[in-house]
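**Q** Shown below is the structure under consideration.
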Amino acid sequence: MLTSLMRGDWSGYLFQILVRVLVVFTALPFHEFAHGWVARRLGDHTAERLGRLDLNPLHHFDPVGTTMLLLTGYGWAKPVPINPMYFKNHKTGMALTALAGPVSNLLLAWVLLILYKAMVVLPYNTFTYTLLMMVQIMVSTNISLAVFNLIPCPPLDGAKIFGALLPDRIYWSVMRYEHIIMYALFALIMFTPVLDRPLALLTGLMYRLLDILTGFMDLLLRLL
């Protein structure tokens, strides 16, 4: 990752970081709010009681995960506190609550992609070009955030989603080493290209799916 950045376009990279700041103030709070909202619907009011069921980005800032998002486009927010003891089925409740985060980012990416396609009809100039680039980066970063968090690796949402399929003994044994696995994952993303290709492939596939799901905008623009 760092080697590729040294060879890349630093001005473009810095522009991406600036746009990702907008993602930090929108996508991450939306992601964590979705976790807390679904948990509350399933009977757990922990996030609401602790003041985390809101869209204030400062409440969801995670030093490691947010920094990763800014630098790489992949990352996580400060996890909303969830108490599975309130769920009728502990692991199923955790899986549904975890799934809400990535789904919320895909929903946000879908809305932003609709906005992007609507803006294409605007007169072309430097301002509209910059605006289109910003929205495009926000779309791809939201998709990246969703795809990354679906990796079945603690502390990511995917570990809780796919963990519902594991026996309790194995599931809780893995979750005990959550912080160690987190820093190992951080090192893989930042200093090696191991995950670059699979993440890029999955992000591209998801982008194409959302492009299909916003196809009605393409049809509408052709009719105008």
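The values are calculated or read from the model by the stated rules, or taken from the named source; none is laboratory data. Values in this document were obtained by computation on a predicted structure and should not be read as measured data. So basically every Cβ, Gly included, is an ideal-geometry build from the backbone, and we count neighbours across all protein chains shown. Surface areas here come from the heavy atoms of the whole protein model, side chains and all, with no ligands, DNA or RNA. Shrake-Rupley method; radii C 1.70, N 1.55, O 1.52, S 1.80 Å.
**Q** Looking at Leu145, Leu209, Leu165, Leu132, can you tell me which residue is hydrophobic (A, V, I, L, M, F, W, C) and closer than 18 Å to Leu69 by Cβ?
**A** Only one candidate passes the filter, namely Leu145.
**Q** Check whether at least one residue in the stretch 50-63 is free of Cβ contacts under 8 Å to residues at least 12 places away in the same chain, on the phi > 0 side of the Ramachandran plot and assigned to a loop (DSSP other than H, G, I, E, B), and report yes or no.
**A** Kept after step one, since they are free of Cβ contacts under 8 Å to residues at least 12 places away in the same chain, are these residues of the stretch 50-63: 51, 58, 63.
Restricting the remaining residues to those that are on the phi > 0 side of the Ramachandran plot gives 51.
Filter once more, keeping what is assigned to a loop (DSSP other than H, G, I, E, B): 51.
Checking the stretch 50-63: at least one residue is free of Cβ contacts under 8 Å to residues at least 12 places away in the same chain, on the phi > 0 side of the Ramachandran plot and assigned to a loop (DSSP other than H, G, I, E, B).
**Q** Quick one: what pairs do we get from the stretch 36-47, first residue assigned to a helix (DSSP H, G or I), second of a type outside the set (A, V, I, L, M), C-beta under 6 Å, 6+ apart or different chains?
**A** Gly36/Arg52; Val38/Thr97; Ala39/Thr97; Arg40/Glu48; Thr46/Pro81; Thr46/Asn83; Ala47/Gly36; Ala47/Pro81
**Q** Every residue in the stretch 113-132 that is over 19 Å from Leu213 (Cα atoms), assigned to a helix (DSSP H, G or I) and open to solvent by 40 Å² or more (accessible area, probe 1.4 Å), please.
**A** Thr126, Phe127, Tyr129, Thr130, Leu131
**Q** With the requirement that a residue be open to solvent by 80 Å² or more (accessible area, probe 1.4 Å), aliphatic (A, V, I, L, M) and farther than 22 Å from Pro102 by Cβ, what does the stretch 5-60 give you?
**A** Those that are open to solvent by 80 Å² or more (accessible area, probe 1.4 Å), aliphatic (A, V, I, L, M) and farther than 22 Å from Pro102 by Cβ: Met6, Leu14, Leu18, Leu50, Leu58.
**Q** For the stretch 152-191, give me each residue that is in contact with a Gly (Cβ under 8 Å, 6 or more places away or on another chain), free of Cβ contacts under 8 Å to residues at least 40 places away in the same chain and part of a helix (DSSP H, G or I). Spell out the reasoning first.
**A** The initial filter retains those residues of the stretch 152-191 that are in contact with a Gly (Cβ under 8 Å, 6 or more places away or on another chain), namely 152, 157, 171, 174-175.
Within this subset, residues satisfying the condition of being free of Cβ contacts under 8 Å to residues at least 40 places away in the same chain are 152, 174-175.
Once the filter is applied, which keeps residues that are in contact with a Gly (Cβ under 8 Å, 6 or more places away or on another chain), free of Cβ contacts under 8 Å to residues at least 40 places away in the same chain and part of a helix (DSSP H, G or I), the stretch 152-191 yields Val174, Met175.
**Q** Which of the residues spanning the stretch 201-214 are out of contact with any helix residue (DSSP H, G or I) (no Cβ under 8 Å at 6 or more places or on another chain) and either open to solvent by 60 Å² or more (accessible area, probe 1.4 Å) or not in a helix (DSSP H, G or I) (or both)?
**A** Listed by number, the residues that qualify are Leu201, Leu205, Arg208, Leu209, Ile212.
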